[in-house]
Every structure is written in C-alpha cells, then in structure tokens.
Amino acid sequence: MVLFIRNHELRGLMDIGEYIDAVEDGYREIGAGDGAAFPRENLWIPGEKQDDHRGGHLRPGSRASFKFKGALLPGLGGAGLNAYTAGLPQGLETFMFLFDTDSGALAAVMEVLYFDWLKTAAVGALAARYLAPPDSATLALFGTGRHARSQLYALTKVATIERVQAYSRDEQKRRAFCERMSSELGVDVIPASSPAAALRDADIVTTITISPTPVFDGADLPDRPLHINAMGAHYPWVREIDQRTVVSSRVFVDEMAQGWAEEGEIILPLEAGVIDKSHVVGDLGALAAGKVAGREPDTRWTLFLSGGTGVEDVAVASRLYQKALQKGVGTEFQFNQPYRYEL
C-alpha cells in the first residue's frame, strides 16, 4: 500500500525541533558516506519571459522550469525524489515520491509545500547551530514573508534570541510582521528603518528574500563575530549577499556540488577571479559528520548558502511518513498488480 499525504495532513505531525533533528540526521548520513544524493536538475521551458514577481529568478529566454532533486538515506529508511514546476499558471506544484529502502517499494506520495517551509527553516537553524557565535542573541532578519516567520521560529530553538531587527522593502508589511512575531514569540521584534539599522549589533543575519541583488552592503556589517544564513536566492545569476561579504567570510554550502552549480554568491566571485573553489570550506554533511570545523578561534564572519537539497527532503519525508503511519494520517491506495511479461 502507498500512503498519499496532503499538505494539511502534514500539519502537526512534527514540531520544528523534530524537523531540525531530521535534517541533521540526513546530512550526517551523507557526510559519513553512508548515503547519496544528486544536485538539483533545472530543466528550462523556453519562451518569452513574462514579468517575474519572484524577483527575476527565471533564466533569460525561459518562461518556466521543471526541477527535481533526490537522495538515498538508508539509515533513515528512505530514498526519494522531489519534483516540481515553477513559473507556470498553476504556480509552484511540488510532490515527493518516497521509497522504502528495506523493501524497495514506493511508500508514500506527499504534497511538499507545507513541509518545505519548516524544512527550510530547519536547515537555517542547523547551520546556525554549527556556525553562529556562542550566546548569539540579536538577529538581523531580511524578509518578512511566511518563510521569514518559520526561520524565526526555528532559530529560537538553537539560539537564545532576545531581539530581532527585521527589514523588508514594504514598511506596512514589515510593521505587521514585527507586531505578530513579537506577540507569538514573546521576543522584541523591531522593524528596522534600513538594512544598516537591521545589521546593528547583530550576532546572526538571515536573508530570506526574492531579491536578485544583494540586500545589504557588506560595509555595514559589524566588525565582530557573526554568522550569516543566506536562505533565499539560488540561481547562478542572482545573489542576496554581496561580494565583499563573501570574500571576507568563512563560507559553507548545503551540498558542495549543488552549491557550485547554483549559488550566485560564489559563482560570480569565482568568475571574477576574486575567490577560488577552496574558499568554500565545506558543506552541511561535512559539518554534521564532524569532518570540518565550523567556527575557528580567529573566525569573524561565517556564511552559509542554502539552495535546498534532496537530502533535506528525503530526511524530513522519511520521518513524516513514520509519524503519519503512527497517527493514522493520509490515504492508502494500491496500484494494480504489475503486468508480467512472458517471452
């Protein structure tokens, strides 16, 4: 039997701490060499580019894309593929196909949008767990959409956040976001009047925007230990973080091959000749498996570039599937018996 799980049925199966643990377990398995994954594939649908409300992320000469990413995590009991479209009239349409690595059978088909918000937040929290300065208390947050909300919730699980300085271009949305999050979390969430004001005295910086260009000037970063999570843009021709910050930081990505294929923050400086590939110290798998150090005694800034990988998808989906079985969530269905060929 195969379990079909809808977005609304995923709600409440795991709390944000369990998402963080699942993502960490998945990356640790990859880092230890016990699992496998492939970078996201982007297949571009040609056509006249329309106005792109997502911040110019479409490739020039294309109107939409079909994407897929996958991983094999036998320690977690799952292998899977996340497939989705973007830029077409239906909007983002995304599904997870999860297989049981013990039996080889298709175990579940899941809608992804709900768990993607929490999974992405868990990745940022995991990076902060390994890379943020000890006793981090002040967060500079760029972006005030639904992903910003989940990022904030997750970060409070790995750091004692006492103050958030939030900036986005829409002042009305910025103030509404700060009022809501202050009420929900019992933390001072303050609307910042400018990017520089958001960065003042920050210990952690999180960018979660659709901007194709840097959202702050690296010259405004405090001259003190801090960690930056760049969680938004992940196309070779866009970047949320400027070159100055990248060059001055100890840089990590979620998965090395995918990072060098997609992250404009490192691809553009590499093409400009100001960094080489050794500038990226490691990825989340190496961090989780203890194969590379995060902060070192003389480290000032660390930078984590996230694009979203199949490792995270499969790790979270495997745990959600087990929770769904335990709680009787989802709809079971069975394929017809396979046709057996006779020669």
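The values are calculated or read from the model by the stated rules, or taken from the named source; none is laboratory data. Quick caveat: nothing in here was measured; it's all calculated off a predicted structure. Because the Cβ atoms are built from the backbone with ideal geometry, glycine has one as well, and the counts that use them run over all protein chains shown. Protein only, heavy atoms only, side chains kept; ligands, DNA and RNA dropped before computing areas. Shrake-Rupley method; radii C 1.70, N 1.55, O 1.52, S 1.80 Å.
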Selection from Pro195, Phe216, Val246, by position along the positive dipole direction of region 159-290 (Cβ): Pro195
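Please give the charge dipole size of region 150-231, origin at the Cα centre, charges +1 on K and R Cβ atoms and -1 on D and E Cβ atoms. Round to the nearest 20 debye.
Values: 9 positive and 11 negative charges, 43 e Å.
Dipole about the Cα centre, nearest 20: 200 debye.
Could you give the length gained by full extension between Gln322 and Asp102, i.e. 0.36 nm per residue of separation minus their alpha carbon distance, to one decimal place?
Values: separation 220, 0.36 × 220 = 79.20 nm, distance 1.39 nm.
Here the segment from Gln322 to Asp102 would lengthen by 77.8 nm.
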Accessible surface of the chain [probe 1.4 Å, protein heavy atoms]: carbon and sulfur percent: 49 percent
Two-site FRET efficiency, Asp220 against Glu41, from Cβ-Cβ distance with R₀ of 35 Å, rounded to 0.05: 0.45
Integer Hz, Karplus 6.51/-1.76/1.60 couplings in order for region 38-44, x for Gly and Pro: 10, x, 4, 9, 10, 9, 8
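Translational D (Stokes-Einstein, µm²/s) of region 1-42 at 37 °C and 0.692 mPa s when Rh comes from the Kirkwood sum over C-alpha pairs?
Details: Rh = 12.9 Å.
D, rounded to a whole number, is 255 µm²/s.
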Computed [θ] at 222 nm, helices only, for the chain once each DSSP H run of length n ≥ 4 contributes -39500 (n - 2.57): -10000 deg cm²/dmol
Cα shape, region 221-304, gyration tensor, a/c 1.5 rule: oblate
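Treat the chain as a sphere of radius equal to its Kirkwood radius over Cα pairs and apply Stokes-Einstein at 37 °C in a medium of 0.692 mPa s; give the translational diffusion coefficient in µm²/s, rounded to a whole number.
Working: Rh = 20.7 Å.
Here the translational diffusion coefficient equals 159 µm²/s.
For region 169-212, what does the equivalent ellipsoid look like in terms of its semi-axes, each the square root of 5 times an eigenvalue of the Cα gyration tensor, given largest first in whole Å? Could the numbers behind the result be given before it?
Working: eigenvalues 60, 41, 23 Å².
Largest first, region 169-212 gives 17, 14, 11 Å.
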Using θ = phi - 60° and Karplus 6.51 cos²θ - 1.76 cosθ + 1.60, couplings along region 294-307 (whole Hz; Gly, Pro as x): x, 7, 10, x, 9, 6, 9, 10, 10, 9, 10, 10, 10, x
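With N set to the residue count of region 143-241, report its C-alpha Rg divided by 2.2 N^0.38 Å to two decimal places. Walk me through the numbers before you get to the answer.
Numbers: Rg = 12.8 Å, N = 99, 2.2 N^0.38 = 12.6 Å.
Rounded to two decimals, the normalised Rg is 1.02.
Between rounded, prolate and oblate, where does region 28-186 land on the alpha carbon gyration tensor, with a ≥ b ≥ c its root eigenvalues, rounded for a/c under 1.5, else prolate if a/b exceeds b/c?
Numbers: a/c = 2.23, a/b = 1.19, b/c = 1.87.
Oblate.
Ranked highest first by the average count of other Cβ atoms within 10 Å around their residues, in what order do 89-100, 138-149 fall? Don't skip to the answer; put the middle values down first.
Numbers: 89-100: 15.7, 138-149: 23.0.
Top to bottom by mean Cβ count within 10 Å: 138-149, 89-100.
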Set of aspartates and glutamates with alpha-carbon distance to Lys119 below 12 Å, sequence-local pairs under 8 removed: Asp15, Glu18, Asp21, Glu24, Glu312, Asp313
Under 5 Å, built H, 5+ apart or other chain: amide partners of Gly282: Val253
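Considering only DSSP states other than H, G, I, E and B, which trypsin sites (Lys or Arg not before Pro) in region 155-250 qualify as loop sites with at most 14 other Cβ atoms within 10 Å? The partial results should precede the final answer.
Values: sites: Lys157, Arg163, Arg169, Lys173, Arg174, Arg175, Arg180, Arg200, Arg239, Arg244, Arg250; in loops: Lys157, Arg169, Arg200, Arg239.
Counting only loop positions with at most 14 other Cβ atoms within 10 Å, the trypsin sites (Lys or Arg not before Pro) in region 155-250 are Arg169, Arg200.
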With Cα atoms, 0 to 90° folded angle of helix 310-327 axis to the chain main axis: 60 degrees
Residue among Glu240, Glu262, Glu179 with the largest mean-square fluctuation in a Gaussian network model of the chain, springs linking Cα atoms under 10 Å: Glu179
GNM result for the chain, Cα springs below 10 Å: residue of Ser248, Ser306, Ser103 fluctuating most strongly: Ser103
Table column - 3J(HN,Hα) (Hz), region 121-134, Karplus curve with 6.51, -1.76, 1.60, x for Gly and Pro: 5, 5, 5, x, 5, 5, 4, 5, 4, 8, 10, 6, x, x
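Could you tell me what % of all Cα pairs in region 212-255 have separations over 14 Å?
Details: 467 of 946 pairs.
So the pairs more than 14 Å apart make up 49 percent of the total in region 212-255.
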Degrees separating the helix 16-31 axis from the principal Cα axis of the chain, which is the longest one: 80 degrees
Entries of Lys173/Lys291; Lys157/Lys327; Lys173/Lys277; Lys69/Lys323; Lys157/Lys323; Lys69/Lys327 with Cα pairs more than 30 Å apart: Lys173/Lys291; Lys173/Lys277
Of Val164, Val314, Val187, the one that fluctuates the most in a GNM where the chain has Cα springs shorter than 10 Å: Val187
